[in-house]
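Report on one structure; see the data block that follows.
The values are calculated or read from the model by the stated rules, or taken from the named source; none is laboratory data. Everything numeric in this text was worked out from a predicted model, so none of it was measured. A quick note on method: Cβ atoms are made from the backbone with ideal geometry, for glycine too, and the neighbour counts reach across all protein chains shown.
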Amino acid sequence: MSPNRSPIRNVIYIHTHDMGRYISPYGYAVPTPNLQRFGEQATLFRQAYCCGPTCSPSRAGLLTGVTPHESGMLGLAHRGFGFTHPEYHLGAYLKANGFLTALCGMQHEFNNDWSQMPYEHVMKDKQGDDPLDTDRAWTQAAIDFLEQPHDRPFFLSYGLFYPHRHFRQADYSVYRPEYIKVPDPLPDTPEIRRDMADYHYTVHLADECIGRVLEAISRTGRHEDSLIIVTTDHGIAFPAMKCNLSDHGIGVTLMMDYPQNPSQGQANDALVSHLDVFPTICDLLGLEPPDYLQGHSMKPLFEQSADTIRDEVFSEVTFHAAYEPMRCIRTHRHKLIRRFNIVRRPLANCDNSTSKTEMMSHGWHEELLAETELYDLMLDPHESNNLAGLPTHAAIQSDLDERLTHWMQATDDPLLQGPVPKPPHALVNTQDALDPNGPTEP
């Protein structure tokens, strides 16, 4: 099927690595002026959540429109996990509908299995060991692609490595740690402030790259016929954030704009999932959505014909560096997290950092984890007061638990059958590994 007469001809998907919502459009004093400028002209979704707070599962959810465990992406692609149905990928769908598909930069769904990759135009080569050189090369490749004439509508995936760790060290006379707020779940210590200063500098470098591409979009007139999506995979790489089902882990940047967008320059508080991006693209392009999609079109939110499109979002972790099976349901007010035979956090699932070392020096790694967590997000937005098991919240817990179980059943979650085995040859750290470079399972 060819696109209808929608003013949208192209889809430009801009994505960063490990950024969460820690940028200026979401109210943080982080130097991201280009993202700020785009956010002010686009529609910004303040309550957007990923399908899983780890790299490959999150991206798989957005790009296939199904849960990570249904797509087969239960862990990290570069560690041996892969798609059960690569044909579900958004790039494959748009290619089948006549789009030229292009990748300029980071992707974390296919590892090096190029036979499955749906892109016709690919620029993914690294520029030595310096992530900044690589991000800048990928940026130039995206600009070159935008400046070329194309006789077909196109889908451009432009991805950056930054602000993934290892952060670039900031100039502390410019990015002054003593005046920087630490991430919300963490204590305010000099070590963590310095770590956050390095994040500020690193995400600023990513913002500079994105700014160059946004300028090219405007200069080439692509903003007049393109849907532009700016997002990230999950929360930032600090303890209790990335690879955690708190809002600090699953909350993401999501800003979108397109020609004749009736909600330009507005922020929207509706609950949305990365699963909703694929059906929204179909709706805005006038294409028949695949029958496997699980999300909801966000078009009514853009058109302000509805205040909400869903009552709940789900997110999951099965494998990251180590096995850590857990699932959650988040409504407008409450969050229920269920862990499966995990008593202590696998430390390999937390990226090495100054902040991690600081937390471990105070016994963070010895903390016992609850099997079930229940939070009232209106009264306890930082999810610090576990209400699970309290008689006062028994009805809420029962309702959320039933809804979570129903979702797992409806999506054939393998956790319902017991522990999930790792795929043959997949690289998975042992439960006692202190970091991702530690011992692995046989």
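Brief remarks on what is shown
- Glu191 in contact with a Ser or Thr (Cβ under 8 Å, 6 or more places away or on another chain) and assigned to a helix (DSSP H, G or I): yes
- Some residue of segment 411-421 being surrounded by 12 or more Cβ atoms within 10 Å (Cβ to Cβ), touching a Phe, Trp or Tyr at 6+ places or on another chain (Cβ under 9 Å), touching a residue at least 24 places away in the same chain (Cβ under 8 Å) and assigned to a helix (DSSP H, G or I): yes
- Condition check for Thr308: closer than 30 Å to Pro262 by Cα and either touching a Gly at 6+ places or on another chain (Cβ under 7 Å) or β-branched (Val, Ile, Thr) (or both): yes
Yes or no, residue by residue, for (1) β-branched (Val, Ile, Thr); (2) surrounded by fewer than 20 Cβ atoms within 10 Å (Cβ to Cβ); (3) over 20 Å from Pro239 (Cβ atoms); (4) outside the structural domain of Ala137 (by TED's automatic domain parsing):
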{"site": "Tyr172", "(1), (2), (3), (4)": "no, yes, yes, no"}
{"site": "Ile180", "(1), (2), (3), (4)": "yes, no, no, no"}
{"site": "Arg193", "(1), (2), (3), (4)": "no, no, no, no"}
{"site": "Ile210", "(1), (2), (3), (4)": "yes, no, yes, no"}
{"site": "Glu224", "(1), (2), (3), (4)": "no, yes, yes, no"}
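- Leu254 vs. criteria of a type in the set (A, V, I, L, M, F, W, C), in the same structural domain as Pro163 (by TED's automatic domain parsing), modelled with pLDDT of 95 or more and within 30 Å of Pro436 (Cβ to Cβ): yes
- Only one entry in Ala206, Ala237, Ala270 is within 17 Å of Pro183 (Cα to Cα), within 19 Å of the chain's Cα centre (by Cα), of a type in the set (Gly, Ala, Ser) and modelled with pLDDT of 95 or more, namely Ala237.
- Which listed residue, of Arg152, Arg168, is in contact with an Asp or Glu (Cβ under 8 Å, 6 or more places away or on another chain), of a type in the set (D, E, K, R), at negative phi and assigned by TED's automatic domain parsing to the domain that holds Ala102: Arg168
- Residue list for segment 84-100, filter: farther than 18 Å from Pro289 by Cα and either at pLDDT below 95 or of a type in the set (Ser, Thr, Tyr) (or both): Thr84
- Of the residues Thr64, Thr32, the single one that is among the polar types (S, T, N, Q), crowded, with 24+ Cβ neighbours inside 10 Å and under 16 Å from the mean Cα position of the chain (by Cα) is Thr64.
- Close pairs from segment 332-361: first within 20 Å of Val313 (Cβ to Cβ), partner β-branched (Val, Ile, Thr) and assigned to a helix (DSSP H, G or I), Cβ under 7 Å, at least 6 apart: His334/Ile396
- Flag for Asn244 being at pLDDT 95 or above, within 23 Å of Thr202 (Cα to Cα) and either in the same structural domain as Cys50 (by TED's automatic domain parsing) or surrounded by fewer than 17 Cβ atoms within 10 Å (Cβ to Cβ) (or both): yes
- Residues that are assigned by TED's automatic domain parsing to the domain that holds Ser218, without any contact (Cβ under 8 Å) to a residue 60 or more places away in the chain and in contact with a Phe, Trp or Tyr (Cβ under 8 Å, 6 or more places away or on another chain) do not occur anywhere in segment 263-281.
- Of all residues in segment 73-98, those that are crowded, with 16+ Cβ neighbours inside 10 Å and at positive phi total 1.
- Qualifying residue in segment 339-346 (condition: at positive phi and not aliphatic (A, V, I, L, M)): yes
- Checked against (1) surrounded by fewer than 21 Cβ atoms within 10 Å (Cβ to Cβ); (2) more than 18 Å from Ile228 (Cβ to Cβ), His150 passes all but a single condition, namely (2).
- Only one of the numbered conditions (1) surrounded by fewer than 21 Cβ atoms within 10 Å (Cβ to Cβ); (2) closer than 30 Å to Gln148 by Cβ is not met by Pro185, and that is (2).
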